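Notes to accompany the following structure.
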Amino acid sequence: MANSFKIGDLDVLVVSDGTARAPGTMYFQGTTPEQWEPHKRWLDHEGNVEFPFSCFLARSGGKTVLIDTGLGQINMMGFTGGSLIRELASAGVKPEEIDTVFVTHLHIDHCGTVAHVDGDSARPAFPNATYSWTAEEQAHWTGSVMESAFMTAEQKAYLKGMFSSVEGRFEPVKDGHAIAPGINVISTPGHTPGHAGVVLSSGNERAFVLGDAISCPVQLTETEWSGLGDMDPKLARQSQEVVAREAEATGALLTAAHFPGLTFGRVLMGEGRRYWQPV
Ligand SMILES: [Zn+2]
């Protein structure tokens, strides 16, 4: 399944690398079923948050940019993805067509299809692409974290192969960088040290594509809830507040990698609290 959108003159295709489910009270540790009661629209009938591994293909100025690459074949907490290449093919997009792959952060469920890694051999999944993420992110994930027990051996082997496969094609980017005309990096640290999203803009229209700066739409209402995997929850909530406020004030569209429905939405205010309304 793929959904296409127009942001001014920009074409955006949202595809999913796979879908996962986790209890809302686990995804947001410390929350209770009672606290979820007013937010049941974001849960299935068993109390699970169902979340896709969304990837965004944006075309602008003759350039084709892929934002995030899903989980791929790597196991993360029992989840696997691996649909991205097939989903792109059904939409008529070949891996060779991608000019730039931008990854919001190097958690495995966002960089899982940067490379095809098999034992000691690794090759980039998008053979003609330049690969970009922030320098802070690169420094973090090539540093001591690779010695930590936090990642599985499979995940470490993948990252090692991934880094070697993109050597010579990696271009670090920072806040404001134009990946293509109207496709700009926006720094949103906290979930990881160098986390960054993308702002798509054309004419009067703008849309935020936020990676994991916000994990679930419920956080636009419950602004203190922090999802699984936030490395610096306080900073993550500050980054979230900045973009949520701006999206609300300007009417810009907003979405994130694990928001449901492979769609954009608007940040609206009701009963004194923000909420996310899919378009
Ligand atoms: Zn994620």
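The table for this structure:
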| quantity | calculated |
| --- | --- |
| Residue under evaluation A89, criteria (1) more than 16 Å from the ligand (Cβ to nearest atom); (2) surrounded by 15 or more Cβ atoms within 10 Å (Cβ to Cβ); (3) within 30 Å of A178 (Cβ to Cβ), criterion not met | (2) |
| Whichever residue in region 204-252 is of a type in the set (D, E, K, R) and assigned to a strand (DSSP E or B) and, among such residues, is farthest from the ligand (Cβ to nearest atom) | E205 |
| Within region 29-45, considering residues that are over 16 Å from Y275 (Cβ atoms) and touching a residue at least 24 places away in the same chain (Cβ under 8 Å), the one surrounded by the fewest Cβ atoms within 10 Å (Cβ to Cβ) | Q29 |
| Flag for S144 being more than 15 Å from the ligand (Cβ to nearest atom) and in contact with a strand residue (DSSP E or B) (Cβ under 9 Å, 6 or more places away or on another chain) | no |
| Condition check for V243: among the β-branched types (V, I, T) and without any contact (Cβ under 8 Å) to a residue 60 or more places away in the chain | yes |
| Count of residues meeting criterion [away from the ligand (no atom under 16 Å from the Cβ) and out of contact with any Pro (no Cβ under 7 Å at 6 or more places or on another chain)] in region 255-279 | 14 |
| Condition broken by E96, with the remaining ones in (1) more than 16 Å from the chain's Cα centre (by Cα); (2) more than 17 Å from T255 (Cβ to Cβ); (3) not in a helix (DSSP H, G or I) satisfied | (3) |
| Failed item in (1) surrounded by fewer than 18 Cβ atoms within 10 Å (Cβ to Cβ); (2) closer than 20 Å to L268 by Cβ; (3) not hydrophobic (A, V, I, L, M, F, W, C), with K234 passing the rest | (2) |
| Cβ pairs under 6 Å, 6+ apart, first in region 248-264 and touching a residue at least 24 places away in the same chain (Cβ under 8 Å), second in a helix (DSSP H, G or I) and more than 16 Å from the ligand (Cβ to nearest atom) | L254/A247 |
| Any chance L200 is surrounded by 16 or more Cβ atoms within 10 Å (Cβ to Cβ), part of a strand (DSSP E or B) and in contact with a Leu (Cβ under 8 Å, 6 or more places away or on another chain) | yes |
| Members of region 103-122 that are over 22 Å from T19 (Cβ atoms) and either within 16 Å of the ligand (Cβ to nearest atom) or surrounded by fewer than 14 Cβ atoms within 10 Å (Cβ to Cβ) (or both) | D118, G119, D120, S121 |
| Test set (1) surrounded by fewer than 21 Cβ atoms within 10 Å (Cβ to Cβ); (2) at pLDDT 95 or above - G270 fails condition number | (2) |
| Identity of the residue in region 160-169, of a type in the set (A, V, I, L, M, F, W, C) and touching a residue at least 40 places away in the same chain (Cβ under 8 Å), that ends up nearest to E147 (Cα to Cα) | M162 |
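The values are calculated or read from the model by the stated rules, or taken from the named source; none is laboratory data. Keep in mind that what you see is a predicted model, and the values were worked out from it rather than measured. Glycine also receives a Cβ, built like all others from the backbone with ideal geometry; neighbour counts cover every protein chain displayed.
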